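What follows is a single structure, written as structure tokens, with notes after it.
Throughout, read-outs are computed from the coordinates displayed, never taken from laboratory work. The structure displayed is predicted, hence computed values, not measured ones. FYI the Cβ positions are ideal-geometry reconstructions off the backbone, even for glycines, and counts take in every protein chain you see.
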4 protein chains.
Amino acid sequence: MSTGRMEAFSDGVIAILITVMVLELPTPHGTTWAALHESLPVLLTYVLSFVYLGIYWNNHHHMLQATDRVNGLILWANLHLLFWLSLIPFTTAWLGENHLATTPAAAYGIVLLADALAYYALQTAIIRDQGEGSLLATAVGRDRKGKVSPLMYVLGIGLAFVSPWLAIAVYVVMALVWLVPDRRLERTIAARSGPPGAPGAPTGGVSP
Amino acid sequence: MSTGRMEAFSDGVIAILITVMVLELPTPHGTTWAALHESLPVLLTYVLSFVYLGIYWNNHHHMLQATDRVNGLILWANLHLLFWLSLIPFTTAWLGENHLATTPAAAYGIVLLADALAYYALQTAIIRDQGEGSLLATAVGRDRKGKVSPLMYVLGIGLAFVSPWLAIAVYVVMALVWLVPDRRLERTIAARSGPPGAPGAPTGGVSP
Amino acid sequence: MSTGRMEAFSDGVIAILITVMVLELPTPHGTTWAALHESLPVLLTYVLSFVYLGIYWNNHHHMLQATDRVNGLILWANLHLLFWLSLIPFTTAWLGENHLATTPAAAYGIVLLADALAYYALQTAIIRDQGEGSLLATAVGRDRKGKVSPLMYVLGIGLAFVSPWLAIAVYVVMALVWLVPDRRLERTIAARSGPPGAPGAPTGGVSP
Amino acid sequence: MSTGRMEAFSDGVIAILITVMVLELPTPHGTTWAALHESLPVLLTYVLSFVYLGIYWNNHHHMLQATDRVNGLILWANLHLLFWLSLIPFTTAWLGENHLATTPAAAYGIVLLADALAYYALQTAIIRDQGEGSLLATAVGRDRKGKVSPLMYVLGIGLAFVSPWLAIAVYVVMALVWLVPDRRLERTIAARSGPPGAPGAPTGGVSP
């Protein structure tokens, strides 16, 4: 079974998730900049969630480029990841509409944590199917970034009870960590898979 | 006429259905875990519907992999299936927002029943076009699972009038039955279509 | 310029339109069958609009199978069609929520009329580019169905001011007319384009 | 890394954006033409935004046809463009629901400005990767249209504080400027890339 339709379906779901959040941005009440200012927490939460979904799409894209077939377990691991990603708009709305309160900030982190674990599970299912010597297994390597991330989300969830702002700071830092591509990995894979610019060179598709 | 665009369109519709349900999850009133707790019936109904749509996408994917052409009747049988699937978000919202009351639980089952029948009709239309000796006809076989399912949904609809929880238990059990892949079928087809891992081996794409 | 991405984009837009209407189905107030009964006009309008969008997707699919390249004008004629199709959910909601009143019934017909004219314009733009001897030009022929349809929608709009039900009856009849495939055309094209079952044989992709 | 999946994802997001705006069209209150007349500002803003998103899709399509590979920077420049495009429904709703007031008209222009700059950034990232002698670099040329557009949006934003109608007039004029294809460019590229009608000839895919 090839990866084509699973990629297309995942693209569809992530494209919809990243877009429907804009439907939940409440139209500002009034026609002044002050009215827009009140929408600011919602807008900033939207930006953060947009970046996270972009990171997941980007990494998912890379991971599947290093994958050449799927099985039933991988299909369900992928749907499981999409399920947790689909809760991002829900926690985004809750966090944004409540001006970044404690419980919504923790709930936002719990969904990020579940996303990271679901991504890790999908990656593990693919590596098990492809074999330990496969391109993906080599690219992921010891996957320190993927293993540290869940701990950071747990830290963020805990900090939400001290101050929601601290939790959000942790989520923002983790987004930045994942935005910066992992150059060393890219070079390793490029070296292995042929001349620079060769297709199929993942840039470190590991779990955020 | 090839199956490509029909697959792409179906993927699009199912991806949207599985995603837009999250737009109907009402943002919790308040910022406490208790507020989230009130959203629990909605969230659990969402999980159940997500799983059902995932099963349909998965089986649809498999069925079309064993199909090499479509005709006008198949196109309309497919749109007919998509129509009934599109009512899942509607009954999901009704069931979730009313804390799992009797009539919504029955209506939810009626839509599941219509989905199963529409899937069966699509399968029948494809087999008629492909011939009784086709890969799909062999894979489906006597299709006991596909024939028992509608009876179970009828049972669920009836039980809703005794207790909505019994109806939901039936729907959950049926989802689990369909989640577990049908290993025997997979082996039969794999044996027939060549070496293990050969593309095009459906894992029992029969109607849920 | 090939038709691939224009097809994919149109599929995306039509898939979303056919699906988002379900978001506008208001959840019934209450948990009785009577509550569902009140939603009936909305549900029936939804069915009608679903069928119309299905017909457009189907015919669009066929028309583009007989098309091998696009230019700037065709791209904009296609976006123009998608614009008018995108108003179907708007008039559907207006008609459904007002229990099939006069003005909404006329507005619904106006959008159907604009859809038919936009489809006709797209077809004309493609035939002009492909040439009068092209497969599409032959398949469409004198296109009586495509030319009579707008007149019927005008009739429906007029009848809305007598009784909305008469208007809706006209729209339903036109949907049925377009649902039934045009066998004669299919045979003509099949005969011309090779043995039966040859790909690329449109079934009369003319404007609804 | 090929452009395929990035194109598909962008198509998905733009198709959703162009479509979900229709969900934000409020159903008219009442069943008279006067009720529809009140929805007119919303409808007209919708038309303008539909045209802008259509222009972006069209130009994006052309630009990627002249692109043969993507890298991590291009992926993020593309997501950055999609982010700003995703705010169009937000400012569309704000502008439409407030009968074209000053601040919303300026905000609408700010998002258009950000879209134009994000498109320019994506174009620059692609040209840097493809080289100055590439097809895209030649097609874009000195890109006067792309460089003047941001200035016009700035003018529009300024004029919003004189009269929102002047701002909207500027946005409409810019949409018309971009709708009319740039014939000279088309000819240049067609001449260079082979006989007329050769695939891959962009019609001036420069930033709106």
Original post:
Pulled fully out, how much extra length does the chain show between A:Trp165 and A:Leu40, if you take 0.36 nm times their separation in residues and subtract their Cα-Cα distance?
Top reply: 43.5 nm
Original post:
So how many Å³ per residue does the convex hull of the Cα atoms of region A:1-82 work out to?
Top reply: 84
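Mean separation of Cα pairs under 8 Å and 6+ residues apart, divided by the residue count of region B:72-167: what relative contact order is that in percent? Mind showing how you got there, number by number?
Numbers: 87 pairs, mean separation 34.9, N = 96.
This gives 36 percent for region B:72-167.
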Original post:
Can you give the Kirkwood hydrodynamic radius of region C:37-100 from its Cα pairs, in Å with one decimal?
Top reply: 13.4
Subject >> Distant alpha-carbon pairs in region B:136-184 (separation over 16 angstrom), percent >> reply: 46
Original post:
For region B:1-48, what is the largest minus smallest coordinate of the Cα atoms on each principal axis, given in angstrom and ordered from greatest to least?
Top reply: 54, 16, 10
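Kirkwood Rh, Cα Rg: Rg to Rh for chain B? It would help to have the intermediate numbers written out before the result.
Numbers: Rg = 18.2 Å, Rh = 17.9 Å.
Reported Rg/Rh (Cα atoms, Kirkwood Rh): 1.01.
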Original post:
For region C:46-52, what does the Karplus curve 6.51 cos²θ - 1.76 cosθ + 1.60, with θ = phi - 60°, yield as ³J(HN,Hα) per residue in whole Hz, taken in order and with x for Gly and Pro?
Top reply: 4, 4, 4, 5, 4, 5, 4
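In square nanometres, what is one fourth of the surface area of the convex hull spanned by the alpha carbons of region A:28-70?
Values: hull surface 16.4 nm².
Over every viewing direction, the Cα hull of region A:28-70 projects on average to 4.1 nm².
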Original post:
Which distance in Å, rounded to a whole number, links the C-alpha centroids of region D:80-118 and region C:13-73?
Top reply: 28
**OP:** For region A:98-106, take each phi angle, set θ = phi - 60°, evaluate the Karplus expression 6.51 cos²θ - 1.76 cosθ + 1.60, and give the result in whole Hz per residue in order, putting x for glycine and proline.
**Re:** 10, 6, 6, 7, 4, 4, x, 5, 5
**OP:** List the residues whose amide H sits under 5 Å from the amide H of A:Asp143, counting only those 5 or more places along or on another chain, with H placed 1.01 Å from N in the peptide plane.
**Re:** none
Original post:
Can you run phi through the Karplus equation (6.51, -1.76, 1.60; θ = phi - 60°) for region B:171-178 and list ³J(HN,Hα) in whole Hz, with x for Gly and Pro?
Top reply: 5, 5, 4, 5, 4, 5, 4, 7
**OP:** With r as the distance between the Cβ atoms of C:Leu176 and B:Arg69 and R0 = 22 Å, compute the FRET efficiency 1/(1 + (r/R0)^6) and round to 0.05.
**Re:** 0.25
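Would you calculate the convex hull of the Cα atoms in the protein assembly as shown and tell me its volume per residue in Å³?
Details: hull volume 134.7 nm³, N = 832.
Per residue, the Cα convex hull of the protein assembly as shown comes to 162 Å³.
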Subject >> For residues of B:22-35, the mean tally of beta carbons on other chains within 10 Å >> reply: 6
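How many Å³ per residue does the convex hull of the Cα positions in region A:105-169 occupy?
Details: hull volume 4.2 nm³, N = 65.
Given the Cα convex hull of region A:105-169, per-residue volume reads 65 Å³.
Test of understanding: ordering C:Asp68, C:Asp11 by Cβ neighbours within 10 Å, fewest first, what list do you get?
Numbers: C:Asp68 15, C:Asp11 24.
Ascending number of Cβ neighbours within 10 Å: C:Asp68, C:Asp11.
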